[in-house]
Amino acid sequence: MRVGLLYSRIRKDEKLLLSELRERGHEVEKIDVRDEQFGLDGTTANVDELDLALDRCLSTSRSLYVTRFLDAYGVPTVNAPETAAVCADKVRCSLALAGAGAPTPRTETAFTVESAMESIERFGYPCVLKPVIGSWGRLMAKIDSKSAAEAVLEHKATLGHYEHKVFYVQEFVEKPGRDIRVVAADGEPVAAMTRSSDHWLTNAAQGSSVKEFEVTPEVAALVETASAAVGGGLLGVDLMETGDSYTVHEVNHTVEFKALDSCTDVDVAGAAVDWLEGRASATTEVSP
Amino acid sequence: MSTVECVECGAEVSLHEDLEVGEIVDCGTCGSELEVIDDDPVTLDLAPELEEDWGE
């Protein structure tokens, strides 16, 4: 197959994918989206005869727009632009998860400092303030007191982009010092790990320690539901343990898997390419 | 293993074999993150600073 790899930085994840694709004899067109222009009826990027384009953009804004453009040109993208749009926006993702019946942390959104404060007071302390767009645990705030809430809300209202004035308030989930990341292809788990830390944030990007996690039927069912809720694709589904069950707090559409790759015997890149091959052949079969 | 000059401090930066355009290498001397902008010949430039919307 001929695959376009959309990127602006080649991380270890992209190197693993590139290596796997090339070893299998697939033709890879690396497309640095920073170098290209995208018009209404065409692009400077070489997207001719691509069987699919794999979105690995580090920048969420680029990911959202470029997948939209390629979709408009008739190039199948992984993941689909709508999936990217839902996953990238925590409000939309929470709504999608809740709408699909997946357990997800209680969340409220408010648009002024005053109404956000009311929301926080209703949640009680601690609770969590998250940016609606963002990753790697950055700009997340665990709010332990009213004075902390006032300070963080004032900073968000004063310093940031308008998105920071969309106050996404969430219950604080007392997880057991870890969360679970499952990489899944159309809802089917590929491999999973726990991410543990003494800090309340357990993102791998924050330096948590990782360990392989055996996916239970309950987790697999939640992953399937969460994947379907955002439109499916190659995803990273994050869950927290709540004692007797789980809650799904995030779904990632340009999932990083190098940390997972380091702690499992599963060839994650290989499984991803297996799935891409199936996706490409399915797309080809339905094309006129 | 080949080397190339760091664009920030001028020190020699060691390069591994399977270098990819778009990859980041670190200068062991000054700590700068350097982006591979060409691989034939290898050309490095300062990598972009972290942006707010980066992630997964």
- Note on the structure: So, over other residues within a Cβ distance under 14 Å of A:L239, counting Lys, Arg +1 and Asp, Glu -1, the net charge is -4
- Item | Length-normalised contact order of chain A in % [C-alpha pairs under 8 Å, at least 6 apart] | 19 percent
- Task: With label points built 7 Å along Cα→Cβ from the Cα atoms of A:T283 and B:D18, find their separation and express it in nm.
- Result: 2.4 nm
- Task: Express the relative contact order of region A:174-265 as a whole percentage, based on alpha carbon pairs under 8 Å and six or more residues apart in sequence.
- Result: 33 percent
- Task: Compare each residue of region B:28-56 in its chain alone against the assembly with all protein chains, and report those whose accessible area goes down by 30 Å² or more; 1.4 Å probe, heavy atoms.
- Result: B:E35, B:L50, B:E52, B:D53, B:W54, B:G55, B:E56
- Message: What's the ranking of A:110-119, A:128-137 by average number of surrounding C-beta atoms within 10 Å, highest first?
- Response: A:128-137, A:110-119
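When you look at the Cβ of every residue in B:18-24, what mean number of other chain Cβ atoms sits within 10 Å?
On the way: counts 3, 2, 8, 4, 14, 6, 3.
Taking the mean over all residues of the peptide, I get 6.
Using the structure shown, select from A:K90/A:K175; A:K90/A:K156; A:K156/A:K211; A:K90/A:K142; A:K30/A:K90; A:K142/A:K165 the pairs with a Cα to Cα distance greater than 23 angstrom. Each step should come with its number before you reach the end.
Values: A:K90/A:K175 20 Å; A:K90/A:K156 17 Å; A:K156/A:K211 35 Å; A:K90/A:K142 16 Å; A:K30/A:K90 29 Å; A:K142/A:K165 17 Å.
Too far apart for the 23 Å limit: A:K156/A:K211; A:K30/A:K90.
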- Task: Choose one answer from B:L15, B:L34, B:L46: the residue with the largest mean-square fluctuation in a GNM of chain B with alpha-carbon springs under 10 Å.
- Result: B:L15
- In region A:173-255, what GluC sites (Glu not before Pro) fall in a loop by DSSP, with at most 16 other Cβ atoms inside 10 Å? A:E174, A:E214
- Query: Say we join alpha carbon atoms closer than 10 Å with springs in a Gaussian network model of chain A; which of A:C87, A:C263, A:C57 then has the biggest fluctuation?
  - Reply: A:C263
- Task: Kindly state, to the nearest 0.05, the FRET efficiency for A:E171 paired with A:E218, given R0 = 30 Å and r defined as their beta-carbon distance.
- Result: 0.90
- Note on the structure: Taking A:H161, A:H155, A:H26 and ranking on accessible area (1.4 Å, protein atoms only), highest first, one gets A:H155, A:H161, A:H26
- Compute the distance in nm between two label points, each set 7 Å from the Cα along the Cα-to-Cβ direction, one at A:D41 and one at A:S262. 5.0 nm
- Cα-projected label distance for A:E154 with B:D39, points at 7 Å along beta-carbon direction, nm: 5.2 nm
- Query: Accessible area drop of at least 50 Å² (1.4 Å probe, protein heavy atoms): which residues of region A:38-64 qualify, relative to the chain alone?
  - Reply: A:L58
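Using a 1.4 Å probe on protein heavy atoms only, how many Å² of accessible area do B and A hide from each other, summed over both chains and rounded to 100? Show your work: numbers first, answer last.
Working: alone 4210 and 13330 Å², together 15680 Å².
Protein heavy atoms only, the B-A interface buries about 1900 Å².
The values are calculated or read from the model by the stated rules, or taken from the named source; none is laboratory data. The shown structure was predicted, so the numbers you read here are calculated from the model rather than taken from an experiment. Please note: Cβ atoms are built from the backbone with ideal geometry, for glycine as well, and neighbour counts cover all protein chains shown. Heavy atoms of the whole protein, side chains included, go into the accessibility calculation; ligands, DNA and RNA do not. Shrake-Rupley method; radii C 1.70, N 1.55, O 1.52, S 1.80 Å.
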